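Trainee: Below is one structure. I have some questions about it.
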Amino acid sequence: MSTDPTPIEAPADDNGFMRPPMDFQTRRMRWNSMRRHAVNHLVTGLALLSTLLVIAPLVAILAYLIYKGASSLNMAFFTQIPAPVGEPGGGMANAILGSGIILALASSMGIPVGIAAGVYLAEYGRGRMLAMAVRFTADVLNGVPSIVMGIAIYSLIVMRQMHFSAFSGGVALAIMMVPTITRTTEEMLATVPHAVREAALGLGVPKWRTVVSVSLRTASPGIITGCMLAFARVAGETAPLLFTAFGNQFWSYKLNEPIAALPLQIYIYAISPYDEWHRLAWAGSLVLILMIMMSVTLVRIYAGRGALKGAS
Amino acid sequence: MGVGIDVEHLNAWYGATHTLQDINLNIPANHATALIGPSGCGKSTFVRCLNRMHETNPIARATGVVKMGEIDIYKDASPVEIRRRVGMVFQRPNPFPTMSIYDNVASGLKLNGFRNKAILDETVERSLKAAALWEEVKDELKKKSGASLSGGQQQRMCIARALAVDPEVLLMDEPASALDPVSTSKIEDLIFQLKSQYTIVIVTHNMQQAARVAENTGFFLNGKMVEFNSTHMIFTNPADKRTEDYITGRFG
């Protein structure tokens with residue numbers, strides 16, 4: 001056969017004696033073993049390479065942001081509002097506060113609705129028409145471009161109120177959070193073993209209590225991850241805020257008035273013709289990424305506290 | 001103390017499958033009753049009808065009368081009330097993975113809104129002692145997850161969890177089939193001790209186990225109860241040919 005391995009020469013041992021030549025079977029096994037090792041190394045190498053490819057952009061972006069933005073970070077950046085054109089200095093304090101307000105609004109609306117819908121899909125709606133409709137809608141909603149979401153909320157809320165507002169920005173981001181949270185909640189609840197639910201029901205625990213204290217609690221690490229992903233995604237969104245929160249160069253914390261937001265401020269500064277503003281845009285980008293990373297880390301630490309020994 | 005269970009004309013379905021066909025049976029209080037029979041004969045469905053777990057499956061349905069003492073469990077009470085009075089131990093240990101050992105045992109009370117710490121402490125200790133697990137876990141009650149115990153320990157913890165709500169009846173659906181021989185014998189010893197205080201119904205594939213722990217035994221086949229008698233009679237002098245074939249190992 002043409003695929004047969006080349007015969008392996010029997011090596012001489014220390015005393016110069018020849019070991020008996022290996023029979024065909026042994027040679028074949030040795031060849032197979034060598035091939036398996038080679039394939040193993042090859043695939044491990046490919047996996048490692050892919051990992052590096054995934055990590056590289058994140059590290060590169062972060063490094064570049066620090067390189068470009070860190071020098072413009074000072075106390076003024078966190079305490080002052082933007083300076084008028086031509087004047088040096090100024091900061092993004094109002095935008096940081098505004099982003100915080102909009103994201104708090106979005107989370108307080110989007111997370112409960114998203115989790116509740118996921119609970120319905122996983123625990124109550126199995127096999128029902130409504131559940132299928134909700135699932136389909138969530139998947140479609142997930143694919144709606146964020147600029148479209150901004151225009152939709154503009155016509156639904158802003159046009160009726162006749163003014164831009166922090167509230168409408170919060171609603172736009174909340175709607176963008178819902179599908180991700182709903183689908184992760186559903187999928188995470190589906191991983192909770194049926195036996196665990198039966199254990200609770202068998203103890204005379206009502207269904208709603210079983211869902212809240214057993215199913216949701218068991219699935220909570222995954223659900224929290226889903227919420228964090230949704231949060232991190234909308235935290236950097238600019239398009240839905242263009243026609244809703246609108247942006248503001250001054251302090252504003254009222255929900256029914258236009259409000260500044262970091263992504264908006266970065267956008268305005270980045271497309272401006274002034275070098276000073278470009279530097280501030282870099283600093284703003286760095287702050288935005290750090291804020292997202294910080295809130296995700298804080299939630300992780302908070303959610304991971306009190307973990308038990310041997311908990312799965 | 002346990003109560004007896006009278007079952008009259010019990011029928012159960014999964015979708016179109018008639019899983020239990022006209023079961024009539026008196027389960028005496030404070031005794032262990034074993035249910036034997038080949039796989040798929042309806043024993044598990046039968047015990048799940050005794051605490052109304054059967055109906056948690058949306059395609060399942062049951063008719064007939066099941067009387068616990070004076071109460072008809074299908075007419076006079078809600079499933080939730082019945083399940084508090086009829087504890088259940090499942091085939092595979094099913095601890096709550098996110099809860100400590102303490103919380104697992106206390107879960108039946110805690111999840112029903114019971115908060116008195118002194119009574120919870122006392123109940124957890126009493127239940128774990130009754131399940132012969134106290135000595136092995138007492139030092140790490142609140143630190144260790146229930147899921148970190150060995151399989152046999154988990155199953156005894158699940159028994160403690162069922163006992164903690166102070167049931168009158170304890171249903172055990174093949175409680176030792178996923179365990180090693182040592183753990184199995186611990187569970188059997190436990191059943192032997194518990195049956196003075198609880199009415200125990202145990203489903204088992206292991207006929208020696210039925211002979212060891214139960215006063216009475218019922219033989220199920222194809223959704224029907226073929227024979228019910230004292231364990232001694234079933235194993236030494238069965239009235240029905242099919243029972244004899246099964247216990248002598250001619251089929252199943």
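Trainee: Quick one: compute the contact order of region A:65-119, relative version, from alpha carbon pairs under 8 angstrom and 6+ residues apart, as a percent.
Mentor: 22 percent
Trainee: Here's a follow-up. Considering only DSSP beta bridges whose two residues both sit in the protein assembly as shown, what percent are antiparallel, to the nearest 5?
Mentor: Of the beta bridges lying entirely in the protein assembly as shown, close to 60 percent run antiparallel.
Trainee: When chain A is treated as a GNM, springs tying every alpha-carbon pair under 10 Å, which of A:LEU62, A:LEU130, A:LEU241 comes out with the largest mean-square fluctuation?
Mentor: Of A:LEU62, A:LEU130, A:LEU241, the Gaussian network model singles out A:LEU130 as fluctuating most.
Trainee: Separate question: So who's got an amide H within less than 5 Å of the one on B:LEU35, skipping anything under 5 residues away but keeping other chains? H placed 1.01 Å off N, in plane.
Mentor: B:ILE202, B:VAL203, B:THR204, B:GLY218
Trainee: Taking the Cβ of each residue in B:ILE59, B:ILE187 as the centre, tally the other Cβ atoms inside 10 Å and list the residues starting with the fewest.
Mentor: B:ILE59, B:ILE187
Trainee: Name the residues whose placed amide hydrogens come within less than 5 Å of the amide hydrogen of B:ASN30, ignoring near sequence neighbours (fewer than 5 apart) on the same chain.
Mentor: B:GLY2, B:VAL3, B:THR199, B:ILE200
Trainee: Given points 7 Å out from each Cα along the Cα-Cβ axis, report the A:SER108 to A:ARG36 separation in nanometres with one decimal.
Mentor: Here the answer is 6.1 nm between the modelled labels.
Trainee: Averaged across orientations, what area in nm² does the convex hull of the alpha carbons in the protein assembly as shown project?
Mentor: Hull-based average projected area comes out at 43.7 nm².
Trainee: Going by Cα centres, region A:167-215 and region B:99-126 are how many Å apart?
Mentor: Value for the Cα centre distance between the two parts: 24 Å.
Trainee: Let me ask something else. Mind sorting A:ARG36, B:ARG48 by how few other Cβ atoms lie within 10 Å of their own Cβ, fewest first?
Mentor: In increasing order of surrounding Cβ atoms, one gets A:ARG36, B:ARG48.
Trainee: Other chains near B:96-102: what is the mean number of their Cβ atoms within 10 Å of each residue's Cβ?
Mentor: Counting Cβ atoms of other protein chains within 10 Å of each residue's Cβ and averaging gives 6.
Trainee: Also, quick follow-up: Would you mind checking B:LYS67/B:LYS195; B:LYS67/B:LYS129; B:LYS144/B:LYS186; A:LYS207/B:LYS195; B:LYS110/B:LYS142 for any pair whose Cα atoms are more than 25 angstrom apart?
Mentor: Over 25 Å Cα-Cα: B:LYS67/B:LYS129; A:LYS207/B:LYS195.
Trainee: Which whole number gives the average, over all residues in B:77-88, of C-beta atoms from other chains lying within 10 Å of the residue C-beta?
Mentor: 3
Trainee: Then there's this: Which FRET efficiency, nearest 0.05, do A:THR225 and A:GLU87 yield, Cβ-Cβ r, R0 35 Å?
Mentor: Step by step, r from the Cβ atoms, then E = 0.20.
Trainee: Quick one: divide the alpha-carbon radius of gyration of region A:77-304 by 2.2 N^0.38 Å and tell me what you get.
Mentor: Cα-based Rg divided by the globular estimate yields 1.17.
Trainee: Another question, if that's okay. Hey, what number do you get for chain B at 222 nm if only DSSP H runs of n ≥ 4 count, each worth -39500 (n - 2.57), divided across all residues, to the nearest 500? Spell out each step's value before the answer.
Mentor: Values: 10 runs with 91 residues, N = 252.
Roughly -10000 deg cm²/dmol at 222 nm, from the helical runs in chain B.
Trainee: Now a separate question. For region B:5-247, list log₁₀ I(q)/I(0) at each q in 0.09 Å⁻¹, using the Debye formula over Cα point scatterers of equal strength and ignoring solvent, two decimals each.
Mentor: Debye curve over Cα of region B:5-247, log10 I(q)/I(0) at q = 0.09 Å⁻¹: -0.38.
Trainee: Pick from A:ALA38, A:ALA83, A:ALA47: which residue has the top mean-square fluctuation in a GNM of chain A where Cα pairs under 10 Å get a spring?
Mentor: Of A:ALA38, A:ALA83, A:ALA47, the Gaussian network model singles out A:ALA38 as fluctuating most.
Trainee: While we're here: Are there any trypsin sites (Lys or Arg not before Pro) in region A:236-312 that are in a DSSP loop and have at most 13 other Cβ atoms within 10 Å? List them by number.
Mentor: Sparse-neighbourhood loop trypsin sites (Lys or Arg not before Pro): A:LYS254, A:ARG305.
Trainee: Can you tell me which of A:THR191, A:THR26, A:THR51 moves the most in a GNM of chain A? Springs connect C-alpha atoms under 10 Å apart.
Mentor: A:THR26
Trainee: What is the fewest-to-most order of A:TYR67, B:TYR74 by other Cβ atoms lying within 10 Å of their Cβ? It would help to have the intermediate numbers written out before the result.
Mentor: Details: A:TYR67 11, B:TYR74 18.
Taking fewest neighbouring Cβ atoms as first place, the list is A:TYR67, B:TYR74.
Trainee: OK, next. Please list, by residue number, every one of the chymotrypsin sites (Phe, Trp or Tyr not before Pro) in region B:147-252 that is coil in DSSP and has at most 13 other beta-carbon atoms within 10 Å.
Mentor: Loop-located and lightly packed - B:PHE251.
Trainee: Based on DSSP H runs of at least 4 residues, each adding -39500 (n - 2.57), what is the mean residue ellipticity at 222 nm of chain A after dividing by all its residues, to the nearest 500 deg cm²/dmol?
Mentor: -21500 deg cm²/dmol
Trainee: Let me ask something else. Using amide H atoms built in the peptide plane, which far-off residues or other-chain residues are under 5 Å from B:THR19 H to H?
Mentor: Those qualifying (amide H under 5 Å, at least 5 residues apart or on another chain) are B:ALA12, B:TRP13, B:TYR14.
Trainee: Still on this model: Using the basic label-point model (7 angstrom from Cα toward the beta carbon), what is the A:MET29 to B:MET1 distance in nanometres?
Mentor: According to this spin-label approximation, the distance is 7.1 nm.
Trainee: For chain A, list the DSSP H helices whose alpha carbon atoms reach 18 Å or more along the long axis and whose average Kyte-Doolittle value is 1.6 or above?
Mentor: A:93-119
Every number in this text was worked out from the coordinates using simple rules, so none of it is lab data. Small disclaimer: the values here were computed from a predicted structure and weren't measured. Please note: Cβ atoms are built from the backbone with ideal geometry, for glycine as well, and neighbour counts cover all protein chains shown.
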